[in-house]
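The values are calculated or read from the model by the stated rules, or taken from the named source; none is laboratory data. Just so it is clear, the model here is predicted, and its values are computed rather than measured. Don't worry about glycine lacking a Cβ; one is built from the backbone with ideal geometry, like all the others, and counts go over all protein chains shown. In case anyone asks, the SASA skips ligands and DNA or RNA and just uses the protein heavy atoms, side chains included. Shrake-Rupley method; radii C 1.70, N 1.55, O 1.52, S 1.80 Å.
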Amino acid sequence: MSDTTLEIKDLSVEVEGRQILHDINLTIKTGETHVLFGPNGNGKTTLLMTIMGSPKYRITKGNIILKGTDITNLPMDERARMGIGMSMQRPPVVRGVKTRDMVTACARGRESDDELNSIFLSTNLNELVDRDINYGFSGGEIKRSELAQLLAQKPDLVLLDEPESGVDLVNIALIGHLINQLLQKKHPIRERMRSGLIITHTGHILDYVDARTGYVMLAGTIICEGDPHEILKTIVKKGYEECRKCIA
Amino acid sequence: MHSLDTSKESKEKARAAAAKKARFGEDIELAKYEHAAAELPYQEDLSVISGDAKSQMLQTGVVVDDTSQRSGTIIQMDHSVIHSITKQDDIEVMSTMKALEKYDWLAEYMWKAVAVDADKYTAHVELNPGNGYFIRALPGSKTVYPVQACLYIGKKNLAQSVHNIIIAEEGSELHIITGCTTAPREEPAMHLGVSEFYIKKGAKISFTMIHNWSPETEVRPRTGVIMEEGGIYLSNYIIMKPVKSLQANPIARCNGNNTITRFNSIVLCPPGSNMDLGSQVILNGAGSRTEIISRAITTGGNIVARGYIEGNAPDVKGHLECRGLILKGDGHIHAIPELKGNLAGIDLSHEAAVGKIAEEEVEYLMMRGLTRDEATATIVRGFLRVEIEGLPPELTAQIKQAVETAEKDLM
Ligand SMILES: Nc1ncnc2c1ncn2[C@@H]1O[C@H](COP(=O)(O)OP(=O)(O)O)[C@@H](O)[C@H]1O
Ligand SMILES: [Mg+2]
């Protein structure tokens with residue numbers, strides 16, 4: 001068993017003929033959580049969608065390795081079944097498909113009704129289970145529903161795209177708690193099997209979720225890597241302008 | 001002898017309209033069909049029905065082996081009612097011919113909800129009567145289980161001509177499931193079916209109709225509903241099997257105040273089929289409400305999905321939702337939602353969408369580990385899921401089963 005969950009080597013990605021990501025390198029050891037900072041429109045979502053395997057994101061160079069297996073050319077559903085799960089920034093509405101159906105589908109028959117119900121309870125989704133997925137959901141409801149799906153899916157690598165955006169202060173603590181549950185944070189790191197990569201635009205999520213490494217992405221390139229709290233402090237104090245100086 | 005006069009008048013009008021083309025649908029030459037059918041014997045015991053016919057009926061929700069979950073049963077084959085029975089004293093179930101013999105007053109109900117001279121098909125039914133069913137709920141009665149009615153075409157090349165009258169007297173509640181089907185052979189046949197519904201004050205009818213024709217059948221149902229104050233009409237129409245040509249556009253006239261009308265239709269159109277289906281609701285009574293919901297999928301056939309709501313009274317409310325999905329093939333879906341408001345203080349709206357399955361939605365489900373086929377099936381299932389209220393659980397289950405059986409063939 002590999003102690004590295006995710007390894008990205010020299011990854012370049014194109015979307016609709018335009019190169020968005022340039023030579024990305026990144027390694028996440030099993031049990032670790034990393035965070036990705038960066039202003040809007042700089043390629044953070046692109047990186048997560050590429051790891052997940054969305055066909056719109058075309059890999060022009062490099063490799064993605066999950067638990068020792070090269071998955072660069074695997075389709076999205078196979079990656080999901082191999083243990084990658086993603087919470088989307090803006091998931092689509094699927095009319096007629098209920099929240100309960102989605103969460104049940106994620107479990108792929110592994111979870112009992114009791115377990116599924118306890119997921120609905122802990123994500124405070126009971127009032128939404130019989131509604132069409134994402135239809136008329138508030139920002140916070142979308143995030144809780146995404147996390148419920150991941151709790152049922154139990155992925156080894158958890159990709160979260162701005163899990164705190166659009167979430168009010170009351171709900172953000174719940175979101176943080178759910179992420180910790182998903183990433184097995186109450187276990188000591190050596191016993192944790194789950195790893196995470198979290199995009200955060202504001203960094204608020206770090207008040208609730210511990211992370212080992214932080215990155216800053218600018219113009220499709222990772223320009224800095226370090227202690228996430230230190231990076232956040234710099235961004236809060238001086239803005240991304242300070243980061244831009246690093247590449248100047 | 002008033003009834004004889006009305007009948008004479010109807011015949012004259014029908015003769016005048018015998019060549020009148022319908023507003024919608026391809027024109028069918030009636031002369032190419034046969035119009036007479038041999039008289040079939042009445043069957044006390046339904047076990048004599050052939051296995052083939054039984055299985056065709058079962059696919060339309062008509063059960064003949066165990067009728068314990070039905071309040072009544074009427075089965076017409078070709079032009080003969082071969083069985084009719086009611087299990088409740090306050091529900092009448094019989095052939096239209098018998099009912100016309102029994103009740104003088106019934107003549108007054110003929111051609112009031114559907115115009116005899118609407119087109120050549122209504123005219124044909126008047127001029128070539130081939131029976132039909134009469135179902136009546138007496139005042140204040142309530143069906144425990146649905147009444148089932150089956151119209152079956154066994155004879156090759158027959159133009160089956162039926163006239164049905166359904167009456168819910170004051171304060172009654174009547175649930176009906178109707179299955180229309182043919183022998184399981186690919187032979188030409190035609191079905192012309194006039195159905196007139198009368199919903200009296202405070203009465204409720206739910207009418208679930210499942211069509212299961214052959215790819216060679218041409219079908220022209222003609223349906224009218226007249227509603228009095230506080231009446232409720234819930235129609236659920238399902239067609240999941242091929243048909244050569246089908247055109248129907250039932251109309252509900254909500255004449256009383258505070259009525260509720262709901263038309264749900266679930267349509268699957270395979271290659272080679274042509275379906276032109278609509279629902280019309282005329283809100284003449286103040287405070288009346290309606291909802292027309294249709295879901296149409298083509299896998300190669302052509303669909304016209306119509307909807308029409310007209311508001312003629314204060315505080316009426318209507319919504320029309322028409323969604324079409326082009327799953328595969330080169331068929332088309334033409335959605336034509338129409339609203340007409342004739343005074344202030346009414347609230348009519350519509351929502352129409354036609355397209356293929358959004359790739360983004362398929363990807364969302366694949367992201368959760370579903371294969372492309374599983375994701376597509378899940379989205380189609382969701383698309384066909386219409387929230388159906390006010391039906392006994394038995395009928396809800398029947399509709400679900402009809403839809404799910406078709407979904408399996410679809411993938
Ligand atoms: N599906 C897409 N189609 C076209 N352009 C895209 C798509 N996704 C991302 N982009 C482009 O790629 C760049 C990076 O976007 P994104 O990865 O969403 O950034 P971030 O998540 O950092 O805000 C932007 O210029 C955006 O317009
Ligand atoms: Mg983004």
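Worth a mention:
- Filtering the range A:203-242 to residues that are free of Cβ contacts under 8 Å to residues at least 60 places away in the same chain and either of a type in the set (Asp, Glu) or farther than 28 Å from A:Leu169 by Cα (or both) leaves A:Asp207, A:Ile223, A:Cys224, A:Glu225, A:Asp227, A:Glu230, A:Glu241, A:Glu242.
- The single residue among B:Glu389, B:Glu374, B:Glu351, B:Glu363 that is within 10 Å of another protein chain (Cβ to nearest Cβ), open to solvent by 40 Å² or more (accessible area, probe 1.4 Å) and either under 22 Å from B:Ser279 (Cβ atoms) or part of a helix (DSSP H, G or I) (or both) turns out to be B:Glu374.
- Checking each residue in the range A:111-130 for being of a type in the set (D, E, K, R) and either surrounded by 15 or more Cβ atoms within 10 Å (Cβ to Cβ) or away from chain B (no Cβ under 11 Å) (or both) picks out A:Glu111, A:Asp113, A:Asp114, A:Glu115, A:Glu127.
- Residue match in the range B:214-221 (condition: surrounded by fewer than 24 Cβ atoms within 10 Å (Cβ to Cβ) and in contact (Cβ under 8 Å) with a residue 60 or more places away in the chain): no
- The set of residues from the range B:261-278 being within 15 Å of the chain's Cα centre (by Cα) and not in a strand (DSSP E or B) comprises just one member, B:Gly278.
- A count restricted to the range B:145-171 and to residues that are in contact with an Asp or Glu (Cβ under 7 Å, 6 or more places away or on another chain) and open to solvent by 30 Å² or more (accessible area, probe 1.4 Å) stands at 4.
- Residues within the range A:24-66 that are of a type outside the set (Val, Ile, Thr), open to solvent by 40 Å² or more (accessible area, probe 1.4 Å), under 25 Å from B:Gly369 (Cβ atoms) and within 16 Å of ligand 1 (Cβ to nearest atom), tallied: 4
- The set of residues in the range B:117-144 being over 20 Å from the mean Cα position of the chain (by Cα) and either surrounded by 23 or more Cβ atoms within 10 Å (Cβ to Cβ) or closer than 15 Å to B:Gln160 by Cβ (or both) consists of B:Leu127, B:Asn128.
- Among the residues examined, A:Ala80 does not qualify as within 14 Å of chain B (Cβ to nearest Cβ) and over 18 Å from the mean Cα position of the chain (by Cα).
- Residues of the range B:241-260 classified as open to solvent by 20 Å² or more (accessible area, probe 1.4 Å), at negative phi and outside any strand (DSSP E or B), total: 7
- If you go through the range A:194-233 and keep only what is of a type in the set (Ser, Thr, Tyr) and under 15 Å from A:Leu48 (Cβ atoms), you end up with A:Ser195, A:Thr200, A:Tyr215.
- Of the residues making up the range B:123-156, those that are under 19 Å from B:Met110 (Cα atoms) and assigned to a loop (DSSP other than H, G, I, E, B) are B:Asn128, B:Pro129, B:Gly130, B:Asn131, B:Gly132, B:Leu138.
- Filtered residues of the range B:377-386 (kept if without any contact (Cβ under 8 Å) to a residue 24 or more places away in the chain and either open to solvent by 20 Å² or more (accessible area, probe 1.4 Å) or assigned to a loop (DSSP other than H, G, I, E, B) (or both)): B:Thr378, B:Arg385
- Helices (runs of 4 or more DSSP H) fully within the range A:1-116 counting 3 or more residues that are away from ligand 2 (no atom under 16 Å from the Cβ): A:76-82, A:99-107
- Test for A:Arg100: is it among the basic types (Lys, Arg), open to solvent by 20 Å² or more (accessible area, probe 1.4 Å) and either more than 10 Å from chain B (Cβ to nearest Cβ) or touching a His at 6+ places or on another chain (Cβ under 9 Å) (or both): yes
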